[in-house]
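Enquirer: Structure provided below as structure tokens; questions to follow.
Only the coordinates and a few stated rules stand behind these numbers; no lab work does. Please read all numbers here as calculations on a predicted model, not as lab measurements. Positions of Cβ are backbone-derived with ideal geometry, glycine not excepted, and every protein chain shown enters the neighbour counts.
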Amino acid sequence: MKKREIYLDYAATTPTDPRVLEVMVDVERRGLGNPSSMHMKGKYARDIIEVSRSTVAQTLGAHPDEIIFTGSGTESDNLAIQGIARVHKTHGKHIISCVTEHPAVLETLMHLKERLGFEITLLEVDEHGCVTADQVMKAIREDTILVSIMYANNEIGTIHPIAEIGRALDKYRKEHQTAYPFFHSDACQALGALDMNVEKLHVDLLTINSSKIYGPKGVGALFVRRGVKITSIQFGGEQEKRLRPGTENTAGIAGFAKAVELSLECQKKEVKRLTKLRDYFIKHVLKQIPNARLNGHPKDRLPNNVNISFLGVEGEALLLYLDAQGIFASSGSACTSQKLDPSHVIMALGVSHIVAHGSLRFTLGRWTKKKDLKFVLEVLPEIVTLLRSMSPINVDKS
Amino acid sequence: MTDLEQDNFQPWFYSDIVREHFFHPQNFLDHEIKIDEYNAMGRAGSPACGDELRVWLWVDGDDERIKKFYWQTFGCASAIAATSMTSVIATQENGMTLGEARCLTPRQIMESLGGLPTRKIHCSVLSDKALRDAVNDYYRRTQQFDKIEPEATRVIDPIARVTDKDIEEAVLSGAKSIDEVAQKTKVHLSDPRVGQEVAQLVRFYLEKYQ
């Protein structure tokens, strides 16, 4: 019998949907040429990419020429932020972002600060991990060229009011008769779960990624609104309007487009189903396990995100006891990170180290069933009790 | 298909011995300890580093060997396994003498565990420190004050001769980051091993004194 496997780490990456895989294998089997080649084999590959581009553009309510395919969400974030910074630094060197952003954004911003003399304002978040449009508007200066705020947080699932921020920025630009600041949002976690229409969101740049929506790894995209000028951060080819040089990953791009199509098809139903499962799971974990706290916003959170801290227990130990039961989750504990730092997202909520160290993230997805969560609810309380009995930190007293 | 599908796939991040001690920890204190169950107590670590460790020893008054070693830890898999292993080593074959216990090194503990991932060594093996702390506590309780050995300072950067105490001093005098500590102590962050140690100590002391 196959060992039990309950995958609850969909926010880390989603398994590739078999229907996506089929498309990719089919593309590879055809033995395609280089999309830049003039012959028939090349033209065929080019056509696949352009059809895929239209599909992705359609999902965002964008024009196909506004979509740049990249190698990942991280690459898209880099291209957006550095691409804007390098062109528009003559206008100003101030960028606004937020403390809970993904490292792909935060570390790019730190690079701009340390190497190129940019000034970065990182907005603080409230106890649920949220920033407001008001905060953004208050931080704007005459030399602000970019605002970059993630759509939904990858660790705690908190959703930011992107449309509201976008509208406020639009209004500011009109009133001040300026093109600045541009608005970028990292929407890697939001794709497939939230409204992605770039007109409604009022974004100028939007990062999305295939490996979070049951598509292949190694493919991402960046939406760049017509008229917004960015420059390349790598060199050596004409591909993707010179913004992402290098031979295109034709099969990967085709797989991404298929994944986008599939997730759009079932989005409404899936969001409803996952929200129900999520709330069921949160309710029962908090009911069954004392001294546990939900991290992130209770309502404005991704339909598939559950992030709970079990006080007095260290996350890696929890994670590995669950792993032994065939349950795969993730933790914000320092021990699970390469740098041995606790999660910057959970620390930003203004909580103690103990909360970050005891945090566990379960992210649900396309193949999560209620009976899987029931099984987790059966074993999790015992594991927490066992680890608490080994811990000198007395949570009842703290 | 790939080899990962075959028998040689190692599904576990740590060694088998770590696994055994993690899932079946030995000698951990699973009850409220009573005053007559121990005659020495030691502690090490800080929750900021992800680890907090307490040990309780019962030392035989006649031969001064460790007969019982109870512990509790707020730590990851390797911290739990390392402490469990230390408790076994310290109490086996009639128990270690206090002198032997003082000489137990993280390296010995790590080797008995079949190795640990590099980044985990410094933070997860705290049991030797807690054990030395407990040995001192035993001598304190039995009023053998001449035998108490305060924790010696440790050289972190052999070139700049920077010790852990220097780093502690730097934090106490207001340094708030690794770079500020480096400015004060002239420690060489370019050496990755030094850098890693410094980073951990800085974090430890920042948490301790904030």
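Enquirer: Is chain A rounded, prolate or oblate when judged by the Cα gyration tensor, a ≥ b ≥ c being the square roots of its eigenvalues, rounded requiring a/c under 1.5 and prolate requiring a/b larger than b/c?
Expert: Numbers: a/c = 2.05, a/b = 1.30, b/c = 1.58.
It is oblate, given that a/c is not under 1.5 and a/b is not larger than b/c.
Enquirer: If each DSSP helix of 4+ residues adds -39,500 (n - 2.57) and the sum is divided by the residues in the protein assembly as shown, what number results at 222 nm, nearest 500 deg cm²/dmol?
Expert: For the protein assembly as shown, the value works out to -13500 deg cm²/dmol.
Enquirer: Once the dipole of the stretch A:232-331 is set up with Lys and Arg at +1 and Asp and Glu at -1 on Cβ about the Cα centre, which of A:T247, A:A324, A:H297 lies farthest towards its positive end?
Expert: It is A:H297.
Enquirer: What percent do you get for the relative contact order of the stretch B:10-147 when only Cα pairs under 8 Å and 6+ apart count?
Expert: With pairs under 8 Å counted, the relative contact order is 30 percent.
Enquirer: Once you keep just the Cα pairs under 8 angstrom separated by 6 or more residues, what percentage relative contact order results for the stretch B:155-209?
Expert: Details: 54 pairs, mean separation 21.1, N = 55.
Relative contact order comes out at 38 percent.
Enquirer: Which whole number gives the average, over all residues in A:381-393, of C-beta atoms from other chains lying within 10 Å of the residue C-beta?
Expert: Numbers: counts 0, 0, 0, 0, 0, 3, 5, 2, 5, 12, 9, 13, 6.
Across the residues of A:381-393, the mean count of other-chain Cβ atoms within 10 Å is 4.
Enquirer: In debye, nearest 20, what is the charge dipole magnitude of the protein assembly as shown about its Cα centre with +1 on Lys and Arg Cβ and -1 on Asp and Glu Cβ, if you could check?
Expert: Details: 76 positive and 80 negative charges, 378 e Å.
Magnitude of the dipole: close to 1820 debye.
Enquirer: Here is a follow-up. Check cross-link reach from B:K184 to the aspartates and glutamates: straight Cα distance under 14 Å, and skip same-chain residues fewer than eight apart.
Expert: Partners within reach: B:D157, B:D164, B:D166, B:E168, B:E169.
Enquirer: Restricting to DSSP loop positions (anything but H, G, I, E, B) with no more than 11 other Cβ atoms inside 10 Å of their own Cβ, which chymotrypsin sites (Phe, Trp or Tyr not before Pro) remain in the stretch B:87-185?
Expert: Those that pass, being in a loop and sparsely packed, number zero.
Enquirer: Taking amide H positions as placed in the peptide plane 1.01 Å from N, state which residues far from A:S331 in sequence (5 or more) or on other chains have amide H under 5 Å from it.
Expert: Here A:R361 satisfy the definition.
Enquirer: Additional query: Of the cross-linked pairs A:K43/A:K229; A:K43/A:K272; A:K138/B:K186; A:K212/A:K369; A:K200/A:K269, which ones have a Cα-Cα span greater than 30 Å in the structure shown? If you can, show how the numbers build up before the last one.
Expert: On the way: A:K43/A:K229 28 Å; A:K43/A:K272 41 Å; A:K138/B:K186 40 Å; A:K212/A:K369 19 Å; A:K200/A:K269 22 Å.
Violating the 30 Å Cα-Cα cut-off are A:K43/A:K272; A:K138/B:K186.
Enquirer: So, counting K/R as plus one and D/E as minus one, what does the shell of residues with Cβ under 9 Å around A:T70 add up to? Don't skip to the end; give the middle numbers.
Expert: Working: positive: A:R244; negative: A:E75, A:E240.
Taking every other residue near A:T70 into account, the sum is -1.
Enquirer: Quantify how strongly other chains surround peptide B:75-82 by giving the mean number of their Cβ atoms within 10 Å of each of its Cβ atoms.
Expert: Values: counts 10, 14, 9, 3, 4, 7, 1, 0.
Other-chain Cβ atoms within 10 Å of each residue's Cβ, averaged: 6.
Enquirer: OK, next. Not counting the cut sites, what is the longest span of chain B without GluC sites (Glu not before Pro) that DSSP labels loop and that have at most 10 other Cβ atoms within 10 Å?
Expert: Numbers: sites that count: B:E32, B:E93.
Longest site-free region, per DSSP loop and neighbour criteria: B:94-210.
Enquirer: Let me ask something additional. Straight-line reach from B:K34: which lysines fall under 29 Å, measuring Cα to Cα and dropping same-chain residues less than 8 apart?
Expert: List returned: A:K397, B:K67, B:K68, B:K129, B:K147, B:K208.
Enquirer: Under the classification rounded if a/c is under 1.5, otherwise prolate if a/b is larger than b/c and oblate if not, where does the stretch B:155-209 fall, given a ≥ b ≥ c as square roots of the Cα gyration tensor eigenvalues? Let's see the in-between values first.
Expert: Values: a/c = 1.66, a/b = 1.50, b/c = 1.10.
Cα axes put the stretch B:155-209 in the prolate bin.
Enquirer: Determine the sum of side-chain charges near A:S148: Lys and Arg each +1, Asp and Glu each -1, restricted to other residues whose C-beta is under 11 angstrom from that of A:S148. Spell out each step's value before the answer.
Expert: Numbers: positive: none; negative: A:D77, A:E101, A:D186, A:D204.
Value of the local net charge: -4.
Enquirer: I've got another one for you. About its Cα centre, how strong a charge dipole does the stretch B:48-115 have in debye, to the nearest 20, once Lys and Arg get +1 and Asp and Glu get -1 at the Cβ? Working shown, then result.
Expert: Working: 6 positive and 9 negative charges, 33 e Å.
Computed charge dipole of the stretch B:48-115: roughly 160 debye.
Enquirer: Across peptide A:158-167, what mean number of C-beta atoms from other chains lies inside 10 Å of a residue's C-beta? Before the final figure, lay out each step's value.
Expert: Working: counts 0, 0, 0, 0, 0, 0, 0, 0, 0, 0.
Per residue, the average neighbour count from other chains is 0.
Enquirer: Oh, and also: With θ set to phi - 60° and the Karplus curve 6.51 cos²θ - 1.76 cosθ + 1.60, what are the ³J(HN,Hα) couplings of the stretch A:225-242 in order, to the nearest whole Hz, using x for Gly and Pro?
Expert: 4, 3, x, 8, 8, 10, 10, 5, 10, 9, 10, x, x, 8, 5, 6, 6, 6
Enquirer: Now, a different point. Counting Lys and Arg as +1 and Asp and Glu as -1, each charge on the Cβ, what is the dipole of chain B about the Cα centre in debye, to the nearest 20?
Expert: With only Lys, Arg, Asp and Glu charged at Cβ, the dipole is about 600 debye.
Enquirer: So if a site counts as exposed when it's one of the trypsin sites (Lys or Arg not before Pro), its DSSP state isn't H, G, I, E or B, and it has at most 16 other Cβ atoms within 10 Å, what's the longest stretch of chain B without one?
Expert: Values: sites that count: B:K34, B:R154, B:R161, B:K176, B:K186.
Result, exposed sites excluded: B:35-153.
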